[in-house]
Structure formats: C-alpha cells, structure tokens
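These notes are about the structure you will find just below.
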Amino acid sequence: MRIRLIDPAYEHPYISHTQKVIKDIWFARLTLTALAALTPPDIEVKITDENVEPIDFEEEVDLVGVTGMVMHAPRAYQIAQRFRQRGIPVVMGGPHASSLPLEAKEYVDAVVIGEAENVWEGLIEDYKKGCLKPFYKEDTFCSMERLPFPRLDLLRKDAYMTVNCVQTTRGCPHQCDFCHVTHFFGKTYRCRPVEEVIEEVKRLDGEFVVFIDDNIAGNRHYARELFTQLKPLKKKWASQASMTLTRDPELLKLAAESGCVSLFIGVESLSSENLKEVNKTFNQVSQFEEAMKALHDHDIMILAGFIFGLDHDDEGVFERTLRFCERNRIELPTFFILTPLPGTALFQRMESEGRLLHKDWGQYNGATVVFKPRLMTEETLQRGFNWACKEGYSWNSIFKRVFHPQQRFFTRVVSNIAYRSIAQRTPEGYLPSLSRILQKMNDTIPLGNTRDLIQRVGEKITEKKLLIGQKAADTLKLYSIYNERLKTLFVRLEGSMDREGAKELVKRLKGVLNVEIQKVILDFKDVGAFSSEAIALLSRKGLLQTEEGKIWIAVNLPGIHD
Ligand code: B12
Ligand code: SF4
C-alpha cells in the first residue's frame, strides 16, 4: 500500500514565500513527518510539501492525506478534488479540518478530528477493508510517552533553513481567546519524557534545533529538567515561550545556558485593556521593557509577535508598536492582523456580534482584515498594518533595532535582511494621519510642583490640601483612544495636575479638533490631586467644569481655541 501525505502550498501575491526565503528562515512543521512515523512499516509513505516541490497528481497511490491550517483550506480542497477525480480516497486532518469537520467532509472521504496518534493505524486498517468511516476522533488526548520520532528523512532537507524540529510538549496552560492551541491540544499541558526528547535531539545532525512547542516553558519543573539535560549536548536552539519565562530569572538563565538563542514571544499588544479582553493578562504591559531586557541580557534574540486590530486599538497602534520595538531593540518584530480562527473563542464572539466580513478561509492569513474592527475602519487597519510591516523593515528601523552591545550582530543583520525581503513585498500602506496626534496624546507629563495640591475625593475636589507625608503622583499620564467611526477622541487623565501639567494639556489639545476628530472627551476621574492654579486654568478654558466641586467632563473643548 502507498500513501502520499501532502502539505498544501499557500499561494498569495505577497504572503507566500519564495524558495529563497524558505531556505533562509523557514523550518518544516512536524505534522506530516509525525504522521508518517505513525504509519505501519509495511506501508510505503511519502511526503510532499507543496511549498517546496510540486505535487504529482498522476502518481500511483492508494490513499492521500492532506493537512492544513485555516488559510490552506481552499488549496487542500482543490488537491483533494484532483485525486478523488481519479478515484483515490483522500483523508484530511489538521487545525482546519478539526475545527470544521462537516465542511471538510464535503471535499474529502474521511476527516481526522484532533490528534492522529490514536486513530491513524485504525483508519489505515479500515481503508484496507474498504470501509473508511467519515470521521475519526479519539475522545482522549494521546499519551506523550514513546511517540515515534518524526520521519525527517522524508523531507527535502536542502529546501529549508533546517528540518531539525522537535516537539517536547503539547497544549498550553493558558487560553488566549484568539489562539487555536488550547482548543486543539487541550488546556492540559502534556510533556514528553525528557530522556526521549534528549535521545531525539542527539540523533539530529548539526548544532541547531527548533523546538516547535507553543510554549516551551509552560511547566517550570519540566522545562528545568529539559534545559538541564540539554546543556551537555551543546546545541543551539530556538522556540516559542510565553512572557512568564522572562519573569523567572533562574529558568531564563538555564534556558540560555542550554543553548537558547532565540525565542518567539507573543507580546500581542501594548494595551492592558486589549490583553484583558483576549484573556492574556499574564502579559503585564508595565513589565514589557524589563522582559525584553531580560532576554537580551541572556543574549536571546527576540521574535516578538504583535496583533493589530484588537478592540482597544485605534489608529495610533501601528506607530506606537513600532517605536516600542525600536526602543527595545527587538530583533525581529512580527505583526499580525487579528484573525478570528474557527474553533476559537474570538471566532464565536465575532460571529455572534456579526463582525465577520466573510468566510473565505484563504484570506484568514493573519495579514488580511477579515472582520470589522471596533475603533477603525477595515481600510485603516489594513493600510496601517502594511505600513508597519514595511516601515518595520526599512533600513532606518533595522538600523535602530540591530545595534546592540550583545554578540551575534551578524545573525541579527542577516535575519533582518531575510525578513526585509518578505516585508518589501507587502503592498503600500500609510501611517494613519492621526498617528502623530495620538502619540502626543498618549504620553506622560512630568510635573513641576506637587506640594500644594488639593485632593480629589470621589467626584468632588475637596478644599483640603494633601496632608504632610501624603504623596501625590508626580506625573500626569494621558491615555487616549480615537474612535474613527464616532470621530471622537477619548482622553483619560491619570495622576496629578499642577499648573505645568494643565498648561501642557491645553497645549497638546490645541489643534486636535479637525475634520477627523470632531469631538474630544476628557476624563478626569483618575486625577487624584489638582493645584488650584490648574483648576483655574482648566475652568477658564472650559475644560474642567466644576459645580460645587463636582467634576464635569469636558466635551468638544469649548475654550481651546482662545
Ligand atoms: C511550527 C508552526 C509554525 C511555523 C510553520 C513553518 C511551516 N513550515 O509551515 C511558523 C512559525 C512559520 C508558523 C506560521 C504560521 N502559523 Co503556525 N504553528 C506552528 C506550530 C507551533 C507547530 C506545528 C507542528 O509542527 N505541530 C506538531 C504536529 C504534530 O501537530 P499538528 O500539526 O497539529 O498535527 C497533528 C494533528 O493535527 C493531526 N493531523 C494534522 N494534519 C493531518 C493530516 C492528516 C491526513 C491526518 C490523518 C492527521 C493530521 O496529526 C498530527 C499528529 O497528531 C502550530 C501549533 C501546534 N502546536 O501545532 C502553529 C499553528 C499550526 N500555526 C498557526 C497559525 C495561525 C500560523 C500563521 C497563520 C500565523 C498567523 N497568525 O498569522 C502562520 C502561517 C504560516 C504559513 N504561511 O503557513 C495556528 C493554526 C490555527 C488554524 N486553525 O489554522 C497554530 C495551530 C498555532 C495557533 N496559535 O493557533 N507556524
Ligand atoms: S500563551 Fe500562546 S500558545 Fe498559549 S494560549 Fe496563549 S497564545 Fe496560545
């Protein structure tokens, strides 16, 4: 019996990779090599990764297996159709088919829902008996013990940067709303026995390994053991981890000592509101800069993932995020447009709110807007994303990010050049016109005199000065968000406000009202103390309206043009 396993190509004018890029930065997924390893030895099994070689549709095979993420679904269905026209049955598995098995079944003979480990051999037996079932699904997740080593020998090694890929764990202890991993592999974090992983790593040629885990440090105890046992092998490795690793100095040090040279970290957003909304509060915005520094201190190159289009993102997000990457010298920023993947909580929410633009899965690629953003239009999101991709890999930005008093300067530059060649193909974008204003309106203003401040208690400004020893915040923070649909700028103020702070606020608000921003709402709720001069100035300008000490919110900046 002969089985052909196929990884469909993703054909797209600027997202799909050229052979050169695949050779420079791409590594193979373990999907089909893992499946091939589960295939009984008396069966001839071969793999085609259509991204690096063409499919032979005339080949004499008995059974075809196709995989695919959501964006690969249309191509996977086309491939299935071609083989089925010749009477060759096709089985589909992977993230897309597992999320939408009924849809997939329309195009293939059998669908494997979830992991293949417990069902693949049975499926082959059914095929031999001529009674393939429409769906195969195991109720429990598979054991991680004694998993066969993936058949890396079936890949065209010369086509990729590396085929040295190993998986140590499945699942993730977290459950971010946009992520498919927990839905698919479970909230339980399953770990392979460390000695089996070490044995697999030992068998690989060369010194570089990619651990394709979603979160290599999801279980501290396991990660500690793994890193300790990796150390003597003197390999270099890359992987993905959640931000929590950066808050664990001992484990991070051990990771570096065991050969970790680069990590993909899902930073996602610089807004705590966004992180809260997508259930990712373990990412603490206030600790981001420290986290990046911790990785650099261990000479770990950072691939940081950011999502644009979350519900609290306005059109200032693109520039704000890019400047963060430059300030923190993030070697390889990767930007994605929020994509509601079927099977995720995000998808359910977007669908129930009627915000999905379509279900053309080929467009669900992380670089195309497929939903209605809350605070900007689809076009602003798309163009802003394009701008960030291109600008992020402009020479100017690369220059700001790669100079670092660490080693591996050469690797930083070479990988940036490879990423630049991808970014260059992105269509023209533009920096949204309000971006500069929004940066100015999201800032921290240092204050000159915080001694004579008057307290605010609840809705009232009391007559009382601060008590001796009582300290007022010595900054005024501006958190602004612009709603493009309502043409309204919301400015939340936090901290204290003395005369200098009030003057600076007035200065920044001047010229803000324009065709695009038709309304400004100032929120003083979180200003804990004012100086009487600040109150006088704001009242004169009509920004802070008080009635018996009660604070009103200023709308439309009545006095700002004076
Ligand atoms: C490595 C990886 C990558 C690499 C891929 C390199 C490459 N050559 O493609 C990189 C980092 C580049 C990448 C990029 C992206 N990725 Co990715 N990636 C992964 C990751 C971490 C590991 C894949 C892997 O090897 N898994 C191990 C194997 C053993 O598991 P498996 O693939 O699920 O296969 C098992 C079963 O599904 C089943 N099965 C699968 N196929 C088939 C087929 C048949 C016939 C059968 C019987 C069974 C079967 O059997 C296997 C054994 O049980 C997964 C997460 C994960 N843990 O799987 C995400 C994941 C696959 N990626 C994902 C996404 C979204 C992307 C991006 C689109 C990112 C984005 N947001 O824009 C890009 C697109 C890349 C592209 N152009 O193809 C999503 C897919 C979600 C979805 N529903 O589509 C995942 C699940 C991660 C997530 N956070 O949700 N990715
Ligand atoms: S931490 Fe990463 S892998 Fe885990 S659920 Fe969140 S996004 Fe997915």
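Within the option set P95, P40, being more than 30 Å from T411 (Cα to Cα) and either within 12 Å of ligand 1 (Cβ to nearest atom) or modelled with pLDDT under 95 (or both) holds for one residue only, P95.
Here K187 clears all of (1) closer than 24 Å to A36 by Cβ; (2) within 16 Å of ligand 2 (Cβ to nearest atom); (3) not hydroxyl-bearing (S, T, Y) except the condition numbered (1).
Could you tell me which of the residues R192, R151 is at pLDDT 95 or above, away from ligand 2 (no atom under 14 Å from the Cβ) and either within 25 Å of V108 (Cβ to Cβ) or among the hydrophobic types (A, V, I, L, M, F, W, C) (or both)? Reasoning before the result, please.
Working: R192 fails: either within 25 Å of V108 (Cβ to Cβ) or among the hydrophobic types (A, V, I, L, M, F, W, C) (or both).
Exactly one of R192, R151 is at pLDDT 95 or above, away from ligand 2 (no atom under 14 Å from the Cβ) and either within 25 Å of V108 (Cβ to Cβ) or among the hydrophobic types (A, V, I, L, M, F, W, C) (or both), namely R151.
Residues in the stretch 106-152 that are within 31 Å of the chain's Cα centre (by Cα) and among the charged types (D, E, K, R): E115, E117, K137, E138, D139, E145, R151.
Out of R4, R29, one residue alone is within 16 Å of ligand 2 (Cβ to nearest atom) and in contact (Cβ under 8 Å) with a residue 12 or more places away in the chain. It is R29.
Under the condition of being more than 12 Å from L252 (Cα to Cα) and part of a helix (DSSP H, G or I), which residue from the stretch 276-291 is most open to solvent (accessible area, probe 1.4 Å)?
K276
Select from the stretch 331-366 the residues that are open to solvent by 10 Å² or more (accessible area, probe 1.4 Å), touching a residue at least 24 places away in the same chain (Cβ under 8 Å) and hydrophobic (A, V, I, L, M, F, W, C) and write down the one among them that is farthest from ligand 1 (Cβ to nearest atom). That would be A345. Residues that are touching a residue at least 12 places away in the same chain (Cβ under 8 Å), touching a Phe, Trp or Tyr at 6+ places or on another chain (Cβ under 8 Å), over 28 Å from T368 (Cα atoms) and away from ligand 2 (no atom under 16 Å from the Cβ) are absent from the stretch 17-26.
Among the residues of the stretch 216-237, those identified as within 21 Å of the chain's Cα centre (by Cα) and under 18 Å from E250 (Cβ atoms) are I216, A217, G218, N219.
Residue-level analysis places D126 among those that are more than 16 Å from ligand 2 (Cβ to nearest atom) and in a helix (DSSP H, G or I). On the basis of being open to solvent by 20 Å² or more (accessible area, probe 1.4 Å) and touching a residue at least 40 places away in the same chain (Cβ under 8 Å), does N51 make the cut? Answer is yes for this residue.
The values are calculated or read from the model by the stated rules, or taken from the named source; none is laboratory data. Only a predicted model underlies this, so the values are computations on that prediction, with no experimental measurement involved. Using ideal geometry, Cβ is built from the backbone for each residue, glycine included, and neighbour counts are taken over all protein chains shown. Side chains included, ligands, DNA and RNA excluded: accessible areas come from the protein's heavy atoms. Shrake-Rupley method; radii C 1.70, N 1.55, O 1.52, S 1.80 Å.
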